[in-house]
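> So that we are looking at the same thing, I have put the structure below in structure tokens.
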Amino acid sequence: MNPLFEDNEIKLSEKEIQQEINYYFEIFSKAIKNKLYNNGYREIALLTQSPLIATEEEKEKERLFQLENIFKQKLKGIASEKRRLTNLFNNISDYIKKNIKRNCKDEDLKRIIETTKTLVKKDYKEDYEKIKQKRKNYLEEIEKIKNKIKEKEERKIKNMEEININYSKETNNELYNNEPIVIPKENADYSAENQLLNYTNLFQGTNFFVYSNKLNLKTDKGYVAVSNFIPIVTKKIIFNNGNDKEIKYLIKALLLDKNKMLEEIEITPQEYNSFKFILGSNWDKDAIIEPGNSNFGRLKYIAQYIARTTMKEQEVYTNTGFKRIGKDLVFLYHNGIIGKGDNINVDLSQDELERYCFTDKEFDSKQALNRSYSMLFISTYDITIPLMATIYLAPLTTLLQEEGIHPDFILMYVAKTGSRKSSIVAAGISHFGNFTRDTLPASFENTVSAIERKAFILKDVPIVIDDLNPAVDMKQQLDVLRKAYGIFGDRSSRSRINPNLKNLRPTYTARGLCIVTSEIIPDLPESRLLRSIIVNIKKKDINLEKLTDIQNNTEELAYAMKIFIKWIIENETSIRSQAKQIMQELQKKQDDSLHGRTNEAINVMMIGFIFFLEFMLKNDIINENEFNKMKNKAYTTLKDIANNQTKELDDTSPVTR
């Protein structure tokens, strides 16, 4: 017989033998299924994520490290026993398979089993006792730690309400980095006074915690300091100009080592993604990121995690003009709207066009409308009628285009320097904001791209391109004017390719009207100049006293236009219908000796002027007789301007000379 089964049994009761065998099989089964390791490491994970990692006593943290190392050693011992037991049972199994025959007597089989039990008990009794003791000690230690943690948490949770309520008073606004994280109540105060208690709650559920005035991260290798601040994204702003969208983020920070909140700054998505925006910003003196490239990614992670609670989203329109929001038609201008609507934000400052802003002041309506109407009399009609027609046509641009009526022309004022051409034009567009001759929205020093973008942004309002001056680089200026004729006269734009060289960027087409001031009639092809209405001004044509009175009361002009735009909104349907009817009547009586483009420009300017007069009539600024008289005067004046322009262009054209 195999010497393994020599008769050297140890006398044990059946119950004891059964207990031992059952215990070994239990260990064996768990080891085979890897449950022993999984359960053990789950216990470790629970321990290392406990609030003790952020206690104010460093020794508590060290004790956990020691416990983790001790437990790992214990697991190694259990693993060693597992391997030995596995080999033993494999040997027993192999032997039984080889030596037990089908005709084996019952007493022999019983003897084999009893011998096996005895050998297991004899050879592993001591190790078994050790394993049992290890298990017992480990479980007792774990239970102690759990109880201690539970007691600490219960004690702190019990005082949370009191801490939260009396925080400012009791701590004198100091930062207690190791205080328990307090769940803020609904509508909790996120100001600097309650900063730590509120914000540290926001990254519960992560491995981040505040310790020693720093934001820290628990990793597999220990605790890593990340920064001396907590980044807090407060707002995502979507800037929408009607063609493309630009996103910016507002972010502030809780500075942990100086007990203050860093000011809110604006960052791009690229800066948010890299988190390398601090140097050069207003934070660079205070905000410190610990060494290591990984910390940039960690800050982005915690900022995004906190942003789920703190970040609000806001859409900001960056253009002027009419926009339908829901069923309501509103008119956008810098920092405001005309019409019905809540929480509609408009910001033109990115393109330095914030002067397009209507007054918030209230004026007497009739006084304001009389002021606007009086602009007809600060000079001769051939100067003021085209200006007022264009001014009051501008807010109708989109509505008319949707009805197939296209105001595709440029109004050009030509005069020598000192003739007040820029001043009278500035007074005209002050119907849409606060302008002087020195603050006009564009000039011939601008690039073509800048003019193109402004023409797109300034929807349903006039833009002025000021001062075509022969004393400056005429080639560059004429190039800008040539492109302006394309932008406003043809409503065309240049295709632009993205930096990836694959996709075209959104194009910018003009959505408003254009007024140009020049010292000369530009030397351009007649086909270009026919896209304009050219008005000549002489030095003494403008009444300076009346102009000064207008300049001193430009807010009334803006108030008058504000009322006019409200009137358009209230009468949109009838205005659309009436505009088409006016156009049909004008086309029937137009002068066919004029160029088709010139006739179109006169007709559409008349539409603007007729609505201007009708608005004045409805508000009792003029009577029916004055309405008809001024309407007829406007038509003959515009026709005279067109005839003179045609003759002048014919005289200078090399084709007709």
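> Find the relative contact order for the range 421-492 and round it to a whole percent, using C-alpha pairs within less than 8 Å whose residues are 6+ positions apart. Show your work: numbers first, answer last.
Working: 54 pairs, mean separation 22.9, N = 72.
Dividing the mean separation by the residue count of the range 421-492 yields 32 percent.
> Moving to a separate point now. So, with a 1.4 angstrom probe, what is the percent of accessible area on the range 502-631 that is carbon and sulfur?
Working: 2640 of 6230 Å².
Within the range 502-631, the accessible surface is 42 percent carbon and sulfur.
> Could you check the spin-label model distance between residue 538 and residue 566? Points 7 Å from the Cα along Cα→Cβ, value in nm.
The answer from the label model is 4.3 nm.
> Still on this model: What whole-number value in Å² describes the accessible area per residue of the range 518-657 for a 1.4 Å probe?
Normalised by residue count, the accessible surface of the range 518-657 is 51 Å².
> How fast does the range 231-290 diffuse by Stokes-Einstein, in µm²/s, taking the Kirkwood radius from C-alpha pairs at 10 °C and 1.306 mPa s? Let's see the in-between values first.
Values: Rh = 12.6 Å.
Approximately 126 µm²/s, per Stokes-Einstein.
> Under Stokes-Einstein, with the Kirkwood radius over Cα pairs standing in for Rh, what whole-number D in µm²/s applies to the range 334-465 at 37 °C and 0.692 mPa s? Walk me through the intermediate numbers first.
Details: Rh = 16.3 Å.
Rounded to a whole number, D works out at 201 µm²/s.
> Here's something else I'd like to know. How much of the accessible area of the range 288-330, in percent, comes from carbon and sulfur atoms when a 1.4 Å probe is used? All intermediate terms of the calculation are to be shown ahead of the outcome.
Details: 1100 of 2370 Å².
That share works out to 46 percent.
> Charges on Cβ only, +1 for Lys and Arg, -1 for Asp and Glu, centred on the Cα centroid of the range 268-425; of 314, 269, 349, which one is farthest towards the dipole's positive end?
In the range 268-425, that residue is 349.
> What is the mean projected area of the alpha carbon convex hull for the range 407-473, to one decimal in square nanometres? Walk me through the intermediate numbers first.
Details: hull surface 20.1 nm².
That works out to 5.0 nm².
> Using a 1.4 Å probe on the protein heavy atoms, what percent of the accessible area of the range 351-448 belongs to carbon and sulfur? Display every interim value, and only then the final one.
Values: 1490 of 3450 Å².
Answer for the range 351-448 is 43 percent, counting heavy atoms of protein chains only.
> For Cα pairs less than 8 Å apart in space and 6+ apart in sequence, what is the mean separation divided by the residue count of the range 321-397, i.e. the relative contact order in percent? Intermediate results must be reported in sequence, preceding the final value.
Numbers: 65 pairs, mean separation 13.9, N = 77.
The normalised contact order for the range 321-397 reaches 18 percent.
> If I model a spin label as a point 7 Å beyond the Cα along the Cα-Cβ vector, how far apart are those points for residue 342 and residue 593 in nm?
6.2 nm
> For the range 555-634, what log10 I(q)/I(0) values come out of the Debye formula at q = 0.18, 0.19, 0.23, 0.24 1/Å, with one point per alpha carbon and no solvent?
Calculated log10 I(q)/I(0) at the listed q: -0.85, -0.92, -1.18, -1.22.
> In square angstrom, rounded to the nearest 10, how much accessible surface does residue 347 have for a 1.4 Å probe?
Looks like 40 Å² after rounding.
> Averaged per residue, what accessible area in Å² does the range 224-294 show with a 1.4 Å probe, protein chains only?
Working: 3350 Å² over 71 residues.
So the range 224-294 comes to 47 Å² accessible per residue, rounded to a whole number.
> Using only alpha carbon pairs under 8 Å that are at least six residues apart, calculate the relative contact order of the range 562-646 and give it in whole percent.
Averaging sequence separation for qualifying contacts and normalising by length gives 28 percent for the range 562-646.
> On the principal axes of its Cα set, how long, how wide and how thick is the range 249-406? Give whole Å, largest value first.
Reported extents, whole Å, longest axis first: 73, 33, 27.
> Beyond 31 Å between alpha-carbons counts as too far, so tell me which of 327/361; 235/454; 235/483; 323/366; 312/340; 540/647 fall in that bin. All intermediate terms of the calculation are to be shown ahead of the outcome.
Details: 327/361 28 Å; 235/454 27 Å; 235/483 39 Å; 323/366 28 Å; 312/340 23 Å; 540/647 24 Å.
Check vs 31 Å cut-off fails for 235/483.
The values are calculated or read from the model by the stated rules, or taken from the named source; none is laboratory data. These figures come from a predicted structure and were not determined experimentally. Counting neighbours? That spans all protein chains shown, and the Cβs are built from the backbone with ideal geometry, glycine included. The protein model used for the area step is the full one, side chains on, heavy atoms only, and it has no ligands, DNA or RNA in it. Shrake-Rupley method; radii C 1.70, N 1.55, O 1.52, S 1.80 Å.
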